[in-house]
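**Q** Quick one: this structure, given as structure tokens, is what I'll be asking you about.
The values are calculated or read from the model by the stated rules, or taken from the named source; none is laboratory data. Every value quoted in this text rests on a predicted model; they were computed, and no experiment measured them. Counting neighbours? That spans all protein chains shown, and the Cβs are built from the backbone with ideal geometry, glycine included.
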Amino acid sequence: MRMNQAMAELHEMSAGMISNIGGAGDTLNRLESMVTEERDRAAGRARVARDAVDMTGVEVKEAEMNALADQALADFAAREGISIKGAAQPAPAERSMGATEKPQGQ
């Protein structure tokens, strides 16, 4: 019995909301516009925050880290006698990693 009363109240409330707002389609349009406004506001806040951050220090640090990574790779390749595309051919070096002899049958 209580469940039926609760259901009846819910139906009355939903019927009142639809008729008061102007129909189900109008309600969805309002909801869509509210979501669009919030999304636009959030995008605006993100743009302002991005523009407010000084990226020059970050870009310099990124370039420095990339240069260090390239240097470390070049040092490793030179130590192991590995050639890197676009780099001068290193002199053959004794390898400290991996197989030092060719497998039999090759």
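Residues are listed down the side, and each one gets a yes or a no for (1) part of a loop (DSSP other than H, G, I, E, B); (2) in contact with a Leu (Cβ under 6 Å, 6 or more places away or on another chain); (3) modelled with pLDDT of 90 or more:
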residue	(1), (2), (3)
LEU28	no, no, no
ALA63	no, no, yes
LEU68	no, no, yes
ALA72	no, no, yes
GLY86	yes, no, no
PRO92	yes, no, no
GLN104	yes, no, no
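To keep it simple, each residue is scored yes or no on (1) more than 29 Å from MET97 (Cβ to Cβ); (2) of a type outside the set (Phe, Trp, Tyr); (3) over 21 Å from the mean Cα position of the chain (by Cα); (4) loosely packed, with under 10 Cβ neighbours inside 10 Å.
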residue	(1), (2), (3), (4)
GLU37	yes, yes, yes, no
ASP40	yes, yes, no, no
ALA46	yes, yes, no, no
ALA49	yes, yes, no, yes
MET55	yes, yes, no, no
ALA63	yes, yes, no, no
ASP70	no, yes, yes, no
ASP75	no, yes, yes, no
